[in-house]
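This report refers to the structure that appears directly beneath it.
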Amino acid sequence: MLIALIALGTGCAAGSAADETTGESEALVASSVIVADSRATQAAEVAPDRVVLPLAVADRYRALRAGAIFVGARGAPTGKNPDGFLRRVVSVSEEAGTLVVSTTRASLTDAILRGAVRMSSAGPTSDRLFDTQSLTTLGRKELSGIAIDFSDQPIFDGTDDVEVDGKKAHFVESIRLEHAVLTARPVVDIDLRIREGKVSKFTSKVEGNLDTSVRATARVTAEGDLDPAILAELRTRKHEVKRVLYQSPRVALPNLAVGGVPISPSVQFTVTLHCQLAFGGPLVAHAGVEAKSAVRLGAAWDGAAWSPPMQSEFSIKPSFTMEAGGEIEARCAIEADAELSAYGDSGITMSVAPYVDFGVKADGAAHRFTVDAGAEGSMRGRADVFGVRPEDLERKLVDWKAPALLEGTAP
């Protein structure tokens, strides 16, 4: 009953024969930048605070000075440098036949004083997402659409033992998805411009259509004393469900280069079911939703301020029946995250969380139910690898509320 779900789904990248690497003639790189050669990047072992190189490939890096920016492309996907590295050097030493470059994190604006970074997970037709006069596609890799089928699965099984003034009751609660299918095909785009060592333009977008079809059944049974005080106490018992339905691997987007500085971007998609529940007595109910939505998450920064967020379109058709009445309050959502990284550092996460609020209240001998829906979306950051501070990335992208979708009275 609780799961009138709508969601932005995700996909994983199709393989490509080789990464594409290009440069920009107008790019300007900081004088402190040292780019690792292919032998070093293939042999490097990258850890959060160091880059370790076998001495056989390390001669030219012995003289790295503190403060230098050490950057390398990604090595083999199954090796110890699958994401590349962008680091500020702290010190260099030899240990057990290796050269250990102790480092701290760095950002693209530490390495690139002037240049543009443009990347996309879509094919060439996605040029329409940007101003095509100013965008030259550097590299593309297509993400195939996905279909998540999580039908015929329990999503919640719980019990509550309630005692008030010597009276006791035992409640058994369950929610089961009878049918639940989500299909979608997301597209991720980034356009980053750097001038004078600062971000002068930053655009990040996730766009895609989605279809969701869900039917669910909720049951609550009870034994013992079911007086008003017992049921009131039961309503205070909050339950939370959080389950990852789908998570892609970290998908490597094509390698890029700006002024000879290699950039190794990647994206990871996660879909999570999140429900908050409070029961108020025995019940048996069925609910469903058919949703078709066009989700567009976008944020544009001009170096000083953010532009208004893009608009998404949501279409929701719920259904509801009740066999046995009981009170309940719930919100269920599917939270979809697109996490954009470079050099293995998470830089930006763009999220959308369409939700359904469901409530049943006693109304004399009957029960009155309401179903409402909305969607929330946001952008957040964990590191400044793209040159934008995490606190500047905190931004609400979606705050949509549908009119009352469904209401009525059941026995």
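Taken together, the values in this text are just the output of simple stated rules run on the coordinates, not laboratory data. All values reported here derive from a predicted model rather than from experimental measurement. Using ideal geometry, Cβ is built from the backbone for each residue, glycine included, and neighbour counts are taken over all protein chains shown.
The figures follow:
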item	result
HN-Hα J in Hz across region 79-86 - Karplus 6.51, -1.76, 1.60, θ = phi - 60°, x for Gly and Pro	x, 9, 9, x, 10, x, 8, 9
Contact order relative to length of the chain, as percent, for alpha carbon pairs under 8 angstrom and 6 or more apart	18
Of Val244, Val89, Val267, the one that fluctuates the most in a GNM where the chain has Cα springs shorter than 10 Å	Val244
Placed amide H near Gln153: partners under 5 Å, 5+ positions off or other chain	Leu177
Shape of region 267-393, Cα gyration tensor, a/c cut at 1.5	prolate
Computed magnitude of the charge dipole of the chain (debye, nearest 20; Cβ of K, R +1, Cβ of D, E -1)	1400
Listed residues Pro48, Pro390, Pro262, most fluctuating in the chain (Gaussian network, C-alpha, under 10 Å)	Pro48
32 Å Cα-Cα threshold exceeded, pairs from Lys167/Lys238; Lys205/Lys238; Lys167/Lys317; Lys167/Lys401; Lys198/Lys396	Lys205/Lys238; Lys167/Lys317; Lys167/Lys401
Net charge over other residues, Cβ less than 15 angstrom from the Cβ of His179 (K, R count +1; D, E count -1)	-2
Spacing of the two label points (7 Å from each Cα toward its C-beta) at Ala96 and Ala56, in nm	1.8
Cα gyration tensor category, rounded, prolate or oblate, for region 28-112 with a/c compared to 1.5	oblate
Three-way shape call for region 175-263 based on the alpha-carbon gyration tensor, with the a/c threshold at 1.5	prolate
Projected area averaged over orientations for the chain, convex hull of C-alpha atoms, nm²	24.1
Theoretical gain in end-to-end length, Ala47 to Lys361 [0.36 nm per residue, Cα-Cα removed]	107.5 nm
From phi via Karplus (6.51, -1.76, 1.60), per-residue ³J(HN,Hα) for region 316-329 in Hz, x at Gly/Pro	9, 10, x, 9, 7, 9, 9, 8, 9, x, x, 7, 6, 10
In sequence order, calculated HN-Hα J values of region 262-274 (Karplus, 6.51, -1.76, 1.60; Hz; x Gly/Pro)	x, 10, 10, x, 7, 9, 9, 10, 9, 10, 10, 7, 9
Pairwise FRET efficiency - Lys396 versus Ala324, Cβ, R0 = 35 Å, nearest 0.05	0.30
Choice from Arg60, Arg176, Arg50 with maximal GNM fluctuation in the chain (Cα, 10 Å cutoff)	Arg60
